[in-house]
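**Student:** I'd like to ask some things about the structure below.
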Amino acid sequence: MYSLRDLLGFVVGAAITAAIVVLLVPSSAPNCPCSPELALDNNGSQAHLMSTKNLSTVPAVKSKEEDSLAELLRSAAMEDKTVILTFVNEALTLPGSLLELFLESFRLGVRTQPLLKHLVIVAMDAKALERCQHMHPLCYPLGGGRSSDVAPGGMTAAEVTFMSKDYVELMWARNRFQARVLELGFGFVFTDVDIVWFRNPLLRFPVAADIALACDQFLGNNPYDLDKAANGGFVYARPNARTLAFFQEWYEARNRFPGEHDQFVFGEVKKELSARHGVTVMLIDTVYFSGVCENKKNFYEVCTYHANCLIGLQKKIDTLAGVLDEWKQFRAQQQLLGNSTTTLIY
């Protein structure tokens, strides 16, 4: 397992699916579909999701469900109680889809394969759970298996479009699940499944950061400048009381902005909540967390690559498959040259 001491040995710094885990549109870029594009099908119009009825108002978990989740998190956690989370639905677990590419990237990256034992995949429907269990040992049904949260086997997925009522409820369900993880005393790295990993991004988070988020465009050179627009597709949260308070109030703030998704609300309340709770929030430089929106894909430095600013699941699949092929060629060239430059260099 990776301890905080191990991670700090390096210099730090760091939807989907719309079918389920889709990234959210940054408030400063109204014309960019950026992450909600995964609420779209291959024709760029809409996506398939299980029913999301009542997902935004997930009640306090029952003790049995909480115990089940806590047990899974304990088995997955690093020594500092951090877990890696991603969410999938049926479409994303099909052969050749994004989950396969996501898992493959861990096996191809620089010292990333051991991170797989810390990855918990949250399934948003019954088919996704079934397929996940054939691909990865740590799978969890949203809601601990409650029928109101997970579509039973055989149920046809409902269709949901970006910013529909179901879409917004889905985003807040994801946000609430993240808060549940914090409530149980665990930190997390949440990653959309349309992100491939080349290096351990935890090594890029400074000790002082309580919360770190990706952004589609990194303007300036100050990662603590909260005027930047965050992207909810990659979120790190340190397990402490102030971070939990931030997430709880973030969730409650949805009532102040009816009909808006969690990323929009974050943009509205981030300064207020960080000041109130003494939370240090940072935005991650796209040099290390690159993507289609701001492509700084330097394989000597990049930790992750995100298929953001793309409409349609197939476009995301094709893009990430191509990026993984480029990475394989890069690693092969470095091995021929006898270089060790694929490791993190500070």
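**Student:** Can you send over the carbon and sulfur percentage of the accessible area for region 64-337, probe radius 1.4 Å, protein chains only?
**Tutor:** Working: 5160 of 10140 Å².
Accessible surface attributable to carbon and sulfur in region 64-337 totals 51 percent.
**Student:** To continue, here is another question. How many percent of the alpha carbon pairs in region 64-337 exceed a separation of 23 Å?
**Tutor:** Details: 19769 of 37401 pairs.
The answer is 53 percent, as a whole percent.
**Student:** What are the aspartates and glutamates whose alpha-carbon lies under 18 Å from the alpha-carbon of K64, with same-chain residues fewer than 8 places away excluded?
**Tutor:** D149, E183
**Student:** Students often forget the sequence filter, so: which aspartates and glutamates lie under 14 Å Cα-Cα from K165 once same-chain residues fewer than 8 apart are removed?
**Tutor:** Straight-distance partners of K165: E260, D262.
**Student:** Beyond 19 Å between alpha-carbons counts as too far, so tell me which of K228/K296; K117/K316; K297/K328; K228/K271; K81/K117 fall in that bin.
**Tutor:** K117/K316
**Student:** Averaged per residue, what accessible area in Å² does region 180-228 show with a 1.4 Å probe, protein chains only?
**Tutor:** 26 Å²
**Student:** Compute the distance in nm between two label points, each set 7 Å from the Cα along the Cα-to-Cβ direction, one at L184 and one at Q133.
**Tutor:** 1.7 nm
**Student:** Further question on the same structure: How high is the FRET efficiency from K328 to A208, r the C-beta distance, R0 45 Å, rounded to 0.05? Walk me through the numbers before you get to the answer.
**Tutor:** Values: r = 36 Å, r/R0 = 0.79.
Computed FRET efficiency for K328 and A208: 0.80.
**Student:** Could you tell me what percent of the DSSP beta bridges with both partners in region 208-313 are antiparallel, to the nearest 5?
**Tutor:** Counting DSSP beta bridges with both partners in region 208-313, the antiparallel share is about 40 percent.
**Student:** I want the antiparallel fraction of DSSP beta bridges within region 64-337, as a percent rounded to 5.
**Tutor:** 35 percent
**Student:** Oh, and also: If I take R0 = 51 Å and measure r between the Cβ atoms of L116 and R242 in this structure, what FRET efficiency does the formula 1/(1 + (r/R0)^6) give, to the nearest 0.05?
**Tutor:** The formula returns an efficiency of 0.95 here.
The values are calculated or read from the model by the stated rules, or taken from the named source; none is laboratory data. Note that the structure is a prediction, hence the values are computed from the model and not measured. Counting neighbours? That spans all protein chains shown, and the Cβs are built from the backbone with ideal geometry, glycine included. Each accessible area value is taken on the protein alone, full model and side chains, heavy atoms only, with ligands, DNA and RNA left out. Shrake-Rupley method; radii C 1.70, N 1.55, O 1.52, S 1.80 Å.
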